[in-house]
Amino acid sequence: MKKTLYMLFLIPLCVLSMLTVIYIFAKDEPLFFLKNIKVNGVQQLREPDIMGRIAPFLSTSLFKVDIAKMREAIVSHPFVKEVRIKRVYPFSLVIDVKERKPSALWVDGEGQVHVLDESGEPYRGLTKGDVKGLFVINAREKSEAKSLYKQVNEWFQEGLIKQDVLSDIAYNEGSITMYGAEDGVEIILGKEDQKGRLKRAVAVLEDAKKRGFLIKCIDARFERGAIIKERQG
């Protein structure tokens with residue numbers, strides 16, 4: 001019995017000791033040289049952007065790479081939302097980058113264009129190709145743009161309006177005006193009960209289309225119904 005207990009204790013200890021010795025002597029051997037670095041998930045960034053940030057923390061040995069500092073360096077880039085880094089033995093690093101997603105464009109009070117992420121936060125300027133599929137928010141202040149982005153996305157989620165039919169939305173001292181992507185219809189919601197007014201405006205627009213009317217503007221700032229302006233020609 002004592003011999004069995006002794007063996008049960010000795011065998012794991014020997015295995016652990018062997019692994020420790022292998023680690024100590026092999027961590028600087030060619031088997032664990034860092035040979036490959038794979039970067040996944042970059043679209044707005046380029047791979048050299050990532051490599052330049054992690055270069056100071058690399059080492060010839062896979063064991064000596066400072067993953068914590070590499071992660072910190074990558075996440076500090078304004079385009080990056082989060083990152084995962086893992087060692088793939090015997091000689092590789094895999095870096096999975098999750099970028100902030102372009103979700104809308106914001107034109108501020110000075111006419112500067114910013115790209116908003118999925119939280120409504122501005123994180124970079126406008127580049128070629130950004131306009132496609134993104135609606136535009138016109139608002140003077142960052143806080144106004146973020147609040148309006150959140151409100152509009154709630155309307156998307158509730159099905160009040162589809163994102164692909166919205167071109168622009170303007171905010172001016174609490175008043176909201178929307179513009180359609182396809183036909184450029186202007187919908188004036190004003191300052192109060194904007195959700196209810198949007199519902200009425202959408203209903204009016206759908207009815208007008210069924211009747212064959214070409215609508216230029218719907219002013220929904222009225223308790224009962226809305227004022228419609230038809231498109232000429």
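Every read-out reported here was derived from the displayed coordinates using simple, explicitly stated rules and does not represent laboratory data. The structure displayed is predicted, hence computed values, not measured ones. Using ideal geometry, Cβ is built from the backbone for each residue, glycine included, and neighbour counts are taken over all protein chains shown.
Quick one: dipole size for the chain, taken about the Cα centre, charges +1 on Lys/Arg Cβ and -1 on Asp/Glu Cβ, in debye to the nearest 20.
So the magnitude is around 960 debye.
Please work out which option in (1) 1.65; (2) 1.06; (3) 0.97 gives Cα Rg over 2.2 N^0.38 Å calculated from these coordinates, and answer with its label.
(1)
Treating the angle as unsigned and between 0 and 90°, give the value, to the nearest 10°, between the Cα long axis of helix 2-26 and the longest Cα principal axis of the chain.
70 degrees
Among the aspartates and glutamates, which have Cα under 19 Å from the Cα of Lys98 when same-chain residues fewer than 8 positions away are ignored?
Glu47, Asp49, Glu72, Glu82, Asp117, Glu118, Glu121, Asp130
Normalised by the residues of segment 104-230, what does the relative contact order come to in percent, with Cα pairs under 8 Å and at least six apart?
Value for segment 104-230: 16 percent.
About the Cα centre, and with charges only on the beta carbon of Lys, Arg (+1) and Asp, Glu (-1), how big is the dipole of segment 104-230? Nearest 20 debye, please.
Computed charge dipole of segment 104-230: roughly 340 debye.
Sticking with the crude label model, points 7 Å out along Cα→Cβ, report the distance from Val113 to Arg231 in nm, one decimal please.
For the pair Val113/Arg231, the computed spacing is 2.3 nm.
Rounded if a/c is under 1.5, else prolate if a/b beats b/c, else oblate: with a ≥ b ≥ c from the C-alpha gyration tensor eigenvalues square-rooted, which is segment 125-203?
Since a/c reaches 1.5 but b/c is at least a/b, the shape of segment 125-203 is classed as oblate.
Restricting to Cα pairs below 8 Å that are 6+ residues apart, what does the relative contact order work out to for the chain? Please round to a whole percent.
10 percent
Among the trypsin sites (Lys or Arg not before Pro) in segment 80-131, which ones are in a DSSP loop with at most 11 other Cβ atoms within 10 Å of the Cβ? Mind listing them?
Lys128
Tabulate in residue order the Karplus-calculated ³J(HN,Hα) for segment 180-195, using 6.51 cos²θ - 1.76 cosθ + 1.60 with θ = phi - 60°, rounded to whole Hz; enter x for Gly and Pro.
Using θ = phi - 60°, the values come out as x, 7, 8, 10, x, 5, 8, 10, 9, 9, x, 9, 10, 6, 5, 5 Hz.
Report the calculated FRET efficiency for Met51 and Glu158 (r = Cβ-Cβ distance, R0 = 30 Å), to the nearest 0.05.
It comes to 0.10.
Hey, can you grab everything whose amide H is under 5 Å from the amide H of Ala104? Only 5+ residues off in sequence or another chain; H modelled, so Pro and N-termini drop out.
Leu116
Can you run phi through the Karplus equation (6.51, -1.76, 1.60; θ = phi - 60°) for segment 98-103 and list ³J(HN,Hα) in whole Hz, with x for Gly and Pro?
My calculation for segment 98-103 gives 10, 7, 5, 8, x, 10 Hz in order.
Tell me which residues come under 5 Å, amide H to amide H, from Val39 once H is placed; ignore anything under 5 positions away on its chain.
Ile95
How large is ³J(HN,Hα), in whole Hz, for each residue of segment 33-44 in order, when computed from phi with the Karplus curve 6.51 cos²θ - 1.76 cosθ + 1.60 and θ = phi - 60°, using x for Gly and Pro?
Coupling constants for segment 33-44: 5, 6, 10, 10, 10, 10, 10, 10, x, 8, 10, 7 Hz.
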